[in-house]
1. Of all residues being β-branched (V, I, T) and touching a residue at least 60 places away in the same chain (Cβ under 8 Å) in the stretch 153-200, which is farthest from T263 (Cα to Cα)? Just the residue, please.
2. So if I check each of H158, H143, H134, which one is at pLDDT below 95 and either assigned by TED's automatic domain parsing to the domain that holds E85 or crowded, with 23+ Cβ neighbours inside 10 Å (or both)?
3. Within the stretch 298-310, is there a residue that is closer than 17 Å to I212 by Cα and surrounded by fewer than 16 Cβ atoms within 10 Å (Cβ to Cβ)?
4. Select from the stretch 87-122 the residues that are buried (at least 19 other Cβ atoms within 10 Å of the Cβ) and among the β-branched types (V, I, T) and write down the one among them that is farthest from I64 (Cα to Cα).
5. Return the residues of the stretch 72-95 that are touching a residue at least 12 places away in the same chain (Cβ under 8 Å), of a type outside the set (D, E, K, R) and more than 12 Å from G157 (Cα to Cα); say none if nothing qualifies.
6. Identify all residues within the stretch 196-210 that are under 11 Å from Q342 (Cα atoms) and touching an Asp or Glu at 6+ places or on another chain (Cβ under 8 Å); write none if there are none.
7. Residue check: is Q283 under 25 Å from T238 (Cα atoms), in contact (Cβ under 8 Å) with a residue 24 or more places away in the chain and crowded, with 17+ Cβ neighbours inside 10 Å?
8. Does E193 fit the bill of being surrounded by 23 or more Cβ atoms within 10 Å (Cβ to Cβ) and part of a helix (DSSP H, G or I)?
Amino acid sequence: MSRFGIVICGVLSIAAGGMFSFGIDDPARTTTQPTQPPVLNREKRSALDSPVQYDLTPLSPERIAGLVHDLNPNERAIILNKNTEPAFCGLLLDNHETGLYTCRLCGLPLFSSNAKFNSGTGWPSFFQPFDPAHVQERIDTSHGMVRTEILCARCGGHLGHMFNDGPPPTGVRYCLNSAALRFYRDDEDLPPESRPIETQIAYFAGGCFWGIEDRFQQLPGVLEATSGYQGGKTRNPTYKQVCTGRTGHAETVRVTFDPKSITYRRLLEWFFRFHDPTQINRQGPDVGSQYRSAIFTIDNQQREQAITYIKELSDTPRFLGRRIVTIVEPAGPFYPAEAYHQDYHRKHGGSCPLPQY
């Protein structure tokens, strides 16, 4: 860009200030890496909290330091030091191709082209994120203003600011720096860091699903645990029907997990610590076939691992003189339980502590 072009961009940036300005260059800032700020109106998030199952585990300072080496000086000033590129000068402002906008630093998908609109402010604008869990918000009181800053939920990199003057259906405008983003067309392959986690599914029944669900949710590598009904013949059963013991279903938890972080074998090990597998059709005071101990396997590999582990466990001192009665059978249809059963302990403030391993 010529000196004349730079001057024009600078003038436009000043002219577009006021309500549309979301920051100014501040050479005095000395931030060397993104920080993880407090979020607004959000509970603490983890890897399992992205509905489309992307890994949101905060990056370590060492990992961020390695990624920073690939940034040019302008990108560092914006992403790390929270500067702002001049209005109408960002390379992605007039990009009208269909595709995905990811975090320039860590690659997390942030915005889709189908939410992009022309705000007239001079910066790329979107009315909603790719996934709300991927963008964090915090109060920004710098430069004598009170604004809502937006940051990448995984690396903490500065993206821009959010304003409540956007178009329908959200009424929100996410105002972004082009330098904080990387764009991939729909026909381009995404790099590994921008792809969803390749997940696997496992099913476990071990008494009341509230406690089993809660404990699985605490394990690193478990992305989601869903309470439901499985192993019977009644289609779409209700909790009341299952409680009669006539549906054949067991209270079951469907576990969605990242096999790179936690193996199926490890899930088996924890499951047999979460409940007493020697009790037939009950767990403590909960009595009935719906409270039976069962593992529903999705393939032969899971079946073989489950049977092998039960045999190994049977030979340990813990089960000396006691027979493990856990049933291992192919997984049939799984019916998610009613909404009030999901995340029961999270909703009501309780928790089942993990047993000592």
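1. Checked the stretch 153-200; the qualifying residue farthest from T263 (Cα to Cα) is I197.
2. Of H158, H143, H134, the one residue that is at pLDDT below 95 and either assigned by TED's automatic domain parsing to the domain that holds E85 or crowded, with 23+ Cβ neighbours inside 10 Å (or both) is H143.
3. No, the stretch 298-310 contains no residue that is closer than 17 Å to I212 by Cα and surrounded by fewer than 16 Cβ atoms within 10 Å (Cβ to Cβ).
4. Only one residue tops the list, namely T121.
5. Of everything in the stretch 72-95, those that are touching a residue at least 12 places away in the same chain (Cβ under 8 Å), of a type outside the set (D, E, K, R) and more than 12 Å from G157 (Cα to Cα) turn out to be N74, T84, P86, A87, F88, C89, G90, L91, L92, L93, N95.
6. Scanning the stretch 196-210 gives a single hit, F209.
7. yes
8. Against the criterion (surrounded by 23 or more Cβ atoms within 10 Å (Cβ to Cβ) and part of a helix (DSSP H, G or I)), E193 does not qualify.
The values are calculated or read from the model by the stated rules, or taken from the named source; none is laboratory data. Note that this is a predicted model, so its numbers are computed, not measured. Cβ: placed from backbone, ideal geometry, glycine included. Neighbour counts: every protein chain shown.
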